[in-house]
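The values are calculated or read from the model by the stated rules, or taken from the named source; none is laboratory data. Note that this is a predicted model, so its numbers are computed, not measured. Here the Cβ is made from the backbone with ideal geometry for all residues, glycine too, and neighbour counts use every protein chain on show.
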Amino acid sequence: MTQENITVQVVDFSSINDDDLLRIAQRWPQGVPNQSPLSASQRQTVASRYALSLIVPQVDASLNTSQEHGFSQLTTVDHHDSVSFAHTETLAIAALCRNPVGVDVENISRTFAYALPKFATSAELLLAQGSTLIENVPVSNMALLWTAKEATSKATGLGGRKGFPNFELAELGPGPLRIRVHSPGPIPLHHPFVQFRLYSARGLRYLIAVCTEGQNNPLNLLAYPPHGIDTQRG
């Protein structure tokens, strides 16, 4: 596949009310409630569609989601793009790329020790010890492993944790990281790589992992409101 730009839109929706979220997100009606009030999980889902609206100005675009696997594709009059969504707490993300793409986001203070043994190989668990500097900030290797596996599982089209057994990380570091694919998902990846970025909101730092086909795809990270890209480095 050719090199393609990756656009990642982050929305801090903590101060956006339900009606405003719905007004923008209902461009993509599939899976979006019709009216407020929204539950906490519904706000996360709706905010991720809000994020997609910010980076897709075309009125003729449509979002199609696989009923079997859950991966999404954006269709316009002249091309198709892969779409991936993620959310945690009051952050929501939409990632867009011509190549297959998957995204995940987690608070870097979260602990993953209880969950990783269920989804990581023994070799990956050895890699998960210690920490790595991401943009001059120490981030636990457990967080890198978890977000990388989540992002890759989405890029393969399986989503969530269903694809975890299908691939393996052979190394951990600031990236881009090459992923070994043992068995393909519905979206075949031949040379998947994961990139990492940091994002700050309300005094907290979040790790964003993005997986796509190829090593050198430029990543454009956008913030709304426009204050969240990490400026507290070092």
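For the reader, a short list of remarks on this structure follows.
- Breaking point among (1) without any contact (Cβ under 8 Å) to a residue 24 or more places away in the chain; (2) more than 18 Å from Asp12 (Cα to Cα); (3) surrounded by 12 or more Cβ atoms within 10 Å (Cβ to Cβ), for Asp60: (3)
- Residues of segment 4-32 that turn out to be under 21 Å from Ala61 (Cβ atoms), part of a loop (DSSP other than H, G, I, E, B) and not small (Gly, Ala, Ser), as a count: 8
- Residues within segment 196-211 that are closer than 24 Å to Arg98 by Cα and either of a type in the set (Gly, Ala, Ser) or free of Cβ contacts under 8 Å to residues at least 60 places away in the same chain (or both), tallied: 1
- Any hit, segment 36-50, residues being over 18 Å from Gly157 (Cβ atoms), under 16 Å from the mean Cα position of the chain (by Cα), in a strand (DSSP E or B) and of a type outside the set (Asp, Glu): no
- Residue count, segment 89-102 (criterion: in a strand (DSSP E or B) and farther than 12 Å from Val11 by Cβ): 5
- Any hit, segment 144-167, residues being surrounded by fewer than 18 Cβ atoms within 10 Å (Cβ to Cβ), of a type outside the set (A, V, I, L, M, F, W, C), modelled with pLDDT of 85 or more and outside any loop (DSSP other than H, G, I, E, B): no
- Yes/no for Ser109 being of a type in the set (S, T, N, Q), touching a residue at least 24 places away in the same chain (Cβ under 8 Å), within 26 Å of Pro218 (Cβ to Cβ) and not in a strand (DSSP E or B): no
- Across segment 37-52, the qualifying residues are those that are within 17 Å of Val103 (Cα to Cα) and not β-branched (Val, Ile, Thr), and the one among them that is surrounded by the fewest Cβ atoms within 10 Å (Cβ to Cβ) is Gln44.
- Among the residues of segment 7-52, none is identified as in contact with a His (Cβ under 7 Å, 6 or more places away or on another chain) and farther than 23 Å from Ser82 by Cα.
- Checking each residue in segment 168-195 for being surrounded by 13 or more Cβ atoms within 10 Å (Cβ to Cβ) and part of a strand (DSSP E or B) picks out Glu168, Leu169, Leu177, Arg178, Ile179, Val181, Pro192, Phe193, Val194, Gln195.
- Of residues in segment 104-122 being touching a strand residue (DSSP E or B) at 6+ places or on another chain (Cβ under 7 Å) and either within 16 Å of Phe167 (Cβ to Cβ) or of a type in the set (Ser, Thr, Tyr) (or both), the one modelled with the lowest pLDDT: Thr121
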